[in-house]
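The values are calculated or read from the model by the stated rules, or taken from the named source; none is laboratory data. Being a predicted model, the structure only gives us computed values, none of them experimental. All Cβ positions, even for glycine, are placed from backbone atoms using ideal geometry, and neighbour counts span all protein chains on display. For accessibility, only protein heavy atoms count, side chains too; no ligands or nucleic acids. Shrake-Rupley method; radii C 1.70, N 1.55, O 1.52, S 1.80 Å.
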Amino acid sequence: MSAAAATSAGGSERLYWLMLLSPCVFLALFYLVPVLNVLVLSFTVPKPGLANYAELAQNGAVQRVLWTTLRIGAITTVLALGIGYVVAYALLQCGPRERQILLGIVVASFWISALIRAFAWVALLQSKGLVNSILLSTGLIESPLSLVRNELGVIIGMVHYMLPYAILPLYTSLRGIDDRLVPAARALGATPGQAFRWVFLPLSLPGLIGAGVIVMIFSLGFYITPAILGGGRTIMVAEFISVQISETLRWGLAAMLATVLLGAVLLLVMWLSRFMDVEQALRK
C-alpha cells in the first residue's frame, strides 16, 4: 500500500469515529446528564436519603395520581387498540385508492398539535357544545351530559390522539401476515369467524402487543390533553410533576416521580423486547 493510500485510509477512519462519537457526546450532554441529574435530585432534595421514595407508600395524593395515571393509560390503550385494530384491518382489506385516502387521513393527524386538538374537544364536549346540542335536539337526553373537565373527557381526547400510534404499527404487522392462510383455513371448512379467530388473530398478537406498549408508554407521560380536558379535576403524573416544580417547589418529589415514570417506561420496553424486535418496531 502506498503512503498516499495509507494516509487516505487513516483519514477515513478518523472521519468515521468523528461521525460516530459526535452524536454519542451530544446525547450524553443533553440527555443522559439531565436524566442523571433528576435521579440525583430524587435522592438529595430537600435532604439526602429515601424520604422522597417513602412518599410512594405514605402520601395519599401521590398514590391517587399514580393510580389515576395507570387507570387512564390502561383504558386509553385498550380503546385505542380496539379502534386501531378495526381501522388497520379495514386498511388491509380495502382497495389501493381507498387505502391511500385512509392512510393520508391517519398520517395527517400528526400535523395537528395536541394543544389545538384538546381545545377542539373542549368546544365539542362542553355543555353547550356540538355533542350535547345534538343529543338534546334529538331528545336522547334532557340535560347536558358532563363530557369534559373530568376523566371521561381526558380519555376521549387521549384515545383520539393515540389512535395513529396504534393504527400504523398494527397495519404494518397485519400486512406481514401471509394472505393465503385465511383462504386455506376456509378451504379446510372453517367459517369466516373461525378463520379469523384461529388463524389471523393469533398471528397478529405480536403487533397488537407492540402497539399496545407504545401507546401505553406515550399515555403514561401525557401532559397537555389531561391538563386541558381534565380541568384540574383529573390529574395525571406529568401534570402533578409540573405543579411540584412550578408551584409548590418540591423538586425532590417531582424528581422522584419522574424517575419512577422513567423506570416504568424502561420496564415496559424490556417486556416488549420479549415479544418483538423493539428496534424494528420503532423503525416502523
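Taking trypsin sites (Lys or Arg not before Pro) across region 121-222, the ones in a DSSP loop with at most 12 further Cβ atoms lying within 10 angstrom of their Cβ are 128, 180.
Over 17 Å apart: what share of the alpha carbon pairs of region 81-225 falls there, rounded to a whole percent? Tail of P(r) above 17 Å: 69 percent of Cα pairs.
Over the chain, dividing the summed -39,500 (n - 2.57) contributions of all DSSP H runs of at least 4 residues by the number of residues returns a 222 nm mean residue ellipticity of -24000 deg cm²/dmol.
Fully extending the segment from residue 83 to residue 61, taken as 0.36 nm per residue of separation minus the present Cα-Cα distance, adds 4.7 nm. Screening the chain for DSSP H helices whose Cα atoms reach 15 Å or more along their own axis and whose mean Kyte hydropathy is at least -0.5 gives 3-27, 33-44, 60-93, 96-108, 114-125, 151-175, 201-220, 251-272. All alpha carbon pair distances within the chain were sorted into 5 Å bins beginning at 0; the resulting P(r) in whole percents reads 1, 5, 9, 11, 12, 13, 12, 11, 9, 7, 5, 3, 2, 1, 0, 0, 0, 0, 0. Ordering 260-270, 74-84 by mean Cβ neighbour count within 10 Å, with the highest value first, yields 74-84, 260-270.
According to the Kirkwood relation over distinct C-alpha pairs, the hydrodynamic radius of region 155-284 is 17.3 Å.
In the context of the full set of protein chains, the chain has a per residue accessible area of 60 Å² (1.4 Å probe). Label separation (residue 245 vs residue 274): 3.2 nm, computed from points 7 Å beyond Cα along the C-beta direction.
Taking the Kirkwood radius as Rh and the Cα radius of gyration as Rg, region 1-160 has a ratio of Rg/Rh equal to 1.20. Near residue 62: Cβ cut-off under 14 Å, other residues only, Lys/Arg at +1 and Asp/Glu at -1. The net charge is 0. Considering Cα pairs under 8 angstrom that are at least six residues apart, work out the relative contact order of region 45-198 and quote it in whole percent. Relative contact order, region 45-198: 30 percent.
Solvent-free Debye calculation, one equal scatterer per alpha-carbon of region 198-259: log10 I(q)/I(0) at 0.25, 0.28, 0.29 Å⁻¹ equals -1.00, -1.10, -1.13.
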